[in-house]
Amino acid sequence: MVSVQPGHIAVHILGTNHGLFRTYKGVNLPDTTQPGAWGSEVQLGTWCYSPYVISRIQDEYSCFLVSESHELCQSDFDQTTSVGMPAFRGLGGQLSSPPFACNRKASGTLHIFHVGMDKALYHKAWDGINYYPEGCWERLEGKFLDGGACAAVSCGDDEVDVFAIGATTGKLHHYHWKEGAGWKLEEDLPGYWWGDVAVVSPENGKINVFGVDDSSQIHRVVCSKENEKWKYEHERISGHYKTVSAITSAPNCVDIIALDYKCAPYHKRWEQDDESAWEHIDGALKERPWLVCARPNGVCLYSIAFNGTPCVKVRDPNSGGWAGWFFIAGTAIGSIA
């Protein structure tokens with residue numbers, strides 16, 4: 001899911017034919033409005049893994065998919081001019097899982113990452129016109145887990161941070177990029193990590209990192225910079241969960257959704273330094289939830305039910321209550337985006 005302007009949400013899945021399907025909810029409709037019927041983009045190709053979508057600037061977003069030859073491909077949708085999804089262009093690479101990306105604050109530049117078949121981490125940036133580096137990928141040294149075990153975020157206008165779990169160490173490695181200085185490998189984060197890393201930046205210069213360890217506990221590490229040096233505050237969150245997703249829905253406000261081993265979703269929120277208790281949300285979900293904020297303080301939870309049907313649940317930004325589940329007719333392969 002992606003929101004390119006307040007109230008707008010675009011939703012993407014792969015169908016049982018491994019083609020792309022897309023729908024959206026319009027700007028002037030409440031978040032609890034069920035999106036329209038799926039529009040097929042199967043003429044654009046068939047794909048290996050679930051889509052990844054991210055907005056670079058208002059009214060525009062990019063969709064990334066991995067071809068059957070494991071090459072990363074990109075298509076850019078302009079809300080003001082596009083009718084269907086434009087043709088995808090190949091970016092190269094040999095991917096073993098879906099990519100991940102972040103939008104560098106205030107620059108309108110996407111930083112795109114993937115784990116290759118050799119388990120190394122690869123990066124390139126795109127400013128809407130040019131790619132850097134052009135015609136190839138920048139390789140970050142190391143061997144890393146794939147399939148959700150890496151995440152990226154921007155906590156400053158000229159900065160990008162990547163967190164990736166070592167394939168043999170279980171350590172969460174932290175790479176920091178600054179314009180003009182390039183990449184620097186920072187300290188490993190505390191704890192041992194197993195998968196599904198999620199990162200958000202609730203304010204400039206601060207990052208919240210979440211992930212699950214091998215004992216099914218969620219780690220939270222707050223990263224903040226003091227005199228150009230990173231400080232890490234580490235805690236384990238009560239309970240046992242198999243996956244976690246995170247979003248910033250307002251300044252200094254962080255929401256997470258975790259699935260327990262019965263696939264039941266739970267919600268927790270931090271506002272400034274105030275931490276809420278776990279809130280159980282009814283239902284059972286097959287795939288890791290994808291969270292989107294379409295308006296300040298609002299959270300929309302999208303996932304896949306056990307029958308393969310995409311579903312959505314919306315948190316009211318005023319009351320904090322969750323509306324009932326809405327189902328979007330159709331069957332998805334993999335996760336929703």
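Numbers for the structure displayed
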item	result
Residues located in region 1-20, provided they are among the β-branched types (Val, Ile, Thr), under 16 Å from Gly39 (Cα atoms) and in contact with an Asp or Glu (Cβ under 9 Å, 6 or more places away or on another chain)	Ile9
Criterion (surrounded by fewer than 17 Cβ atoms within 10 Å (Cβ to Cβ), touching a Lys or Arg at 6+ places or on another chain (Cβ under 6 Å) and under 26 Å from Asp78 (Cα atoms)) met by exactly one of Asp157, Asp127	Asp157
Number of the condition not met by Lys184 [criteria: (1) farther than 24 Å from Glu271 by Cα; (2) touching a residue at least 12 places away in the same chain (Cβ under 8 Å); (3) not small (Gly, Ala, Ser)]	(2)
Residue check, Lys229 surrounded by fewer than 17 Cβ atoms within 10 Å (Cβ to Cβ) and farther than 28 Å from Pro98 by Cα	yes
Hey, Pro317 surrounded by fewer than 17 Cβ atoms within 10 Å (Cβ to Cβ), in contact with a Gly (Cβ under 7 Å, 6 or more places away or on another chain), outside any strand (DSSP E or B) and not acidic (Asp, Glu) or not	yes
Single condition Ala277 does not satisfy, out of (1) within 18 Å of the chain's Cα centre (by Cα); (2) at pLDDT 95 or above	(1)
Of all residues making up region 93-114, the number that are over 15 Å from the mean Cα position of the chain (by Cα) and more than 15 Å from His176 (Cα to Cα)	8
Flag if Val254 is part of a strand (DSSP E or B), under 23 Å from Ala149 (Cβ atoms) and of a type in the set (Val, Ile, Thr)	yes
Residue satisfying all of: in region 58-91; touching a strand residue (DSSP E or B) at 6+ places or on another chain (Cβ under 8 Å), small (Gly, Ala, Ser) and not in a strand (DSSP E or B); surrounded by the fewest Cβ atoms within 10 Å (Cβ to Cβ) among these	Ala87
Pair list, Cβ under 6 Å, 6 or more apart: region 302-323 residue without any contact (Cβ under 8 Å) to a residue 60 or more places away in the chain, other residue surrounded by fewer than 13 Cβ atoms within 10 Å (Cβ to Cβ)	Thr309/Phe327; Cys311/Phe327
Identity of the residue in region 92-108, part of a strand (DSSP E or B) and crowded, with 19+ Cβ neighbours inside 10 Å, that ends up modelled with the lowest pLDDT	Arg104
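The values are calculated or read from the model by the stated rules, or taken from the named source; none is laboratory data. All values derive from a computational prediction rather than experimental measurement. For neighbour counting, all protein chains shown are included, and Cβ atoms are generated from backbone atoms with ideal geometry for every residue, glycine included.
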